[in-house]
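Here, each number is a calculation from the coordinates, and none is a lab measurement. All of these numbers come straight from a predicted model, not from anything done at the bench. Neighbour counts are summed over all protein chains in view; Cβ atoms, including those assigned to glycine, are modelled from backbone coordinates with ideal geometry.
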Amino acid sequence: MAENKEVNPVEEKKGLNFIQQIIANDLKEGRNGGRLNTRFPPEPNGYLHIGHAKAICMNFGTAKMFGGTCNLRFDDTNPVKEDVEYVESIKEDIKWLGFDWSDREYYASDYFPKLYDLAVRLIKEGKAYVDMQTSEQIAEQKGTPTKAGVASPFRNRPIDESLDLFDRMNKGEFDEGAYVLRAKIDMASSNMHFRDPIMYRIIKHEHHRTGNQWNVYPMYDYAHGQSDYFEGVTHSICTLEFEVHRPLYEYFVKELAKDDYCPRQLEFNRLNLTYTVMSKRKLLQLVKENLVSGWDDPRMPTICGLRRRGYTPESIKSFIDKIGYTKYDALNSVSLLEHSIREDLNRIAPRVSAVINPVKVIITNYPEDKVEMLPMENNPEDENSGTHEMPFTRELYIECDDFKEEAPKKFFRMSVGNEVRLKSGYIVKCTGCKKSATGDIEEIYCEYDADTRSGMPGSERKVKGTLHWVSARHCKDVEVRLYDRLFNVENPAEEKDKDFRELLNPDSLKVLNNVKVEPYLAETAKVGDHFQFQRIGYFTVDRDTTTDKLVFNRTIALKDSWEKEKGK
RNA sequence: UGUCUUAUGGUGUAAUGGUAGCACUGCAGUUUUUGGUACUGCCUGUCUAGGUUCGAAUCCUGGUAAGACAACCA
């Protein structure tokens, strides 16, 4: 599988992370014939999350940077937890992120025969033996990090006997747990992984690819390095928790490696995000207990969740780029991710008008039947984005929050006696309002200045505030979903004494059913489209699976300094 | 009471023995038909004690703190 491929000589080390620098050196020294082949090796036991995106960017991105290749390998050595559903979702998410493994799609399960043969060889060479103790006994004998282990009574089982037992293990003659194949290394090693690690265990569960063909399955430590070797992987880049496994990786790989080719494991720090749970086990629990709507719930840190929420591949990659790769156990602020999506959406999302919490405004000196189609810029950040038309009429809706009968200090929005501009429309002066018995504002009255329509000479006049609005007669009602962080503690992983479910934010989802939007939006929105609702936030179009209706997911709110000021 | 790894502003990251820089956050301001965006400025940093060196964030030693490792998970 290894092919000789030219790689780009990257002489300049600027801009390379520490792993890429090591790779640049290896290439310079001509290691592995100057080849670069990385791999992304997910176990198909769950959906990919943003932590995987970091690994994907490292493996695919680095290979691309040097002109090497990156394999997609499914690490499917434990049939109990794995499923094709996950295989398919993983492939979809990698593609969506913009990476391509071409035809380099591999499965650790494809190597079961080779791995089995190698295991037989190791038994014959006296480097492995079949143990028949319980997992408790084996754990007991393993010792602790500070206390050496003791040898299994089966450690010196005759080779022929181990060979025979291993064969019968695979033929299905024994129950799960009855026997294991262990590497004979060093029960006193300071590295726990060297204390005769288990290479094979009996599992009688249908495998999603090999069916019931096998009754023994290799463990990660034995399978991973060998799989890398079989594929011609040169740099096996993984996260820091595998650092302690590296000597064992090297131990097993040495059994195959030749002078001119030996894969190498390198480790970087995994992603930790504030207010975010990244553990696959816990994410699975959220899904199973219906605490979220599924793996793709827009509050989930999964790739598909972020996609539905409205995150773009560019924003995720830009975020990964910003946080970098080191060996320091960091806790990254989710605000950096939020910055990345605002940055991208500000660039690409068309501006539309929507009123979340409407109150009626009547322009008393505007003719009742008149409708003016006012042009509105689609995106001031993009000159080529053009305009769309919005109907202006005597009766409008504005945001409840945008009116106060009497303006507090530094309040620049509508208040009685003051002028504001209606975005892309006229300057209006508020003349009064109608209140209910309980004091709620029912209607607001304004007079418009006909000379101040946007684009006219009289529109030069400056007023402090600009408000977004929709025509009461033309606007449509849509469903909007406001998402907030799923957890309300900064570092949920650190709250070890608490059940993580207690840390869930009860207000992480708010559904608003009657948000008034301009007709243009209602007519043009398609699933996956991004929009900026003026002054409110970025929204992405989604489809409700039960009602089949379009809904708008809030990706992220706009920054609003007035909101902060109110909070003070 | 072991082995391995790490330590640079509030956060994340750069500086590869030679001027501690960048991004985010926060604060202040300028522009603005979005209190957004953009732009400008400000705040804040080499864990600690020694050593090597003309010169140390960088190399060495001790200390301190943090993380990983004791699954028939990956």
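Fully extended, how many nm does the chain gain between A:Lys409 and A:Arg155 (0.36 nm per residue separation, minus their Cα-Cα distance)? Mind dumping the intermediate values first?
Working: separation 254, 0.36 × 254 = 91.44 nm, distance 8.14 nm.
Using 0.36 nm per residue and subtracting the Cα-Cα distance, I get 83.3 nm.
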Legend entry - Charged-residue dipole, Cβ positions (Lys, Arg, Asp, Glu), chain A about Cα centre, Debye nearest 20: 1020 debye
Inset, instruction - Just order A:428-434, A:297-303, A:184-190 by mean Cβ neighbour count inside 10 Å, highest at the front, would you? - result: A:297-303, A:428-434, A:184-190
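So how strong a dipole does segment A:145-235 carry about its Cα centre when Lys and Arg Cβ are +1 and Asp and Glu Cβ are -1, to the nearest 20 debye?
On the way: 11 positive and 13 negative charges, 56 e Å.
It comes to approximately 260 debye.
For segment A:249-342, which chymotrypsin sites (Phe, Trp or Tyr not before Pro) are in a loop by DSSP, counting at most 12 other Cβ atoms within 10 Å? Spell out each step's value before the answer.
On the way: sites: A:Tyr249, A:Tyr251, A:Phe252, A:Tyr261, A:Phe268, A:Tyr275, A:Trp295, A:Tyr311, A:Phe319, A:Tyr325, A:Tyr328; in loops: A:Tyr275, A:Trp295, A:Tyr311, A:Tyr325, A:Tyr328.
Passing sites in segment A:249-342 are A:Tyr328.
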Inset, instruction - Quickly work out the A:Thr134-to-A:Asn513 label distance, labels modelled 7 Å from Cα along the C-beta direction, and quote it in nm with one decimal. - result: 5.8 nm
Inset, instruction - Report P(r) for segment A:1-156: all Cα-Cα distances, bin width 10 Å, range 0 to the bin holding the largest distance, values in whole percent. - result: 9, 26, 26, 25, 14, 1
Legend entry - DSSP-assigned coil residues among GluC sites (Glu not before Pro) in segment A:244-337, each with at most 16 further Cβ atoms within 10 Å: A:Glu255, A:Glu289
Inset, instruction - Compute the normalised compactness of segment A:77-219: alpha-carbon radius of gyration over 2.2 N^0.38 Å, N being the residue count. - result: 1.22
Legend entry - Sparse-neighbourhood loop sites, trypsin sites (Lys or Arg not before Pro) in segment A:331-427 - DSSP loop, at most 11 other Cβ within 10 angstrom: A:Lys370, A:Lys409, A:Lys410
Inset, instruction - Of the options A:Ile348, A:Gly425, A:Thr546, report the single residue whose Cα projects farthest towards the positive end of the charge dipole of chain A (beta-carbon charges: Lys, Arg +1; Asp, Glu -1). - result: A:Gly425
Inset, instruction - Taking 7 Å along the Cα-to-C-beta vector as the label spot, tell me the A:Thr210-A:Gln21 distance in nanometres, rounded to one decimal. - result: 4.1 nm
Legend entry - Dipole of segment A:230-331, positive direction: furthest Cα of A:Tyr325, A:Thr234, A:Cys262, with charges on the beta-carbon: A:Tyr325
Inset, instruction - Taking 7 Å along the Cα-to-C-beta vector as the label spot, tell me the A:Ser561-A:Ala188 distance in nanometres, rounded to one decimal. - result: 6.9 nm
Legend entry - Signed unit charges on C-beta, dipole axis of chain A, positive-most listed residue A:Asn384, A:Phe40, A:Phe252: A:Asn384
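For n ≥ 4 DSSP H runs only, could you compute -39500 (n - 2.57) per run for chain A, divide by its residues and tell me the 222 nm figure to the nearest 500? It would help to have the intermediate numbers written out before the result.
On the way: 14 runs with 150 residues, N = 568.
Counting only the DSSP helices, I get -8000 deg cm²/dmol.
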Legend entry - Length added when fully stretched, A:Asp83-A:Thr326, from 0.36 nm per residue minus Cα-Cα: 84.2 nm
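State the percent of C-alpha pairs, over all pairs in chain A, separated by a distance greater than 47 angstrom. Let's see the in-between values first.
On the way: 49928 of 161028 pairs.
More than 47 Å apart: 31 percent of the Cα pairs in chain A.
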Inset, instruction - Give me the lysines in straight-line cross-link reach of A:Lys327: C-alpha distance below 25 Å, same-chain residues under 8 apart excluded. - result: A:Lys13, A:Lys14, A:Lys28, A:Lys54, A:Lys64, A:Lys280, A:Lys282, A:Lys317, A:Lys496
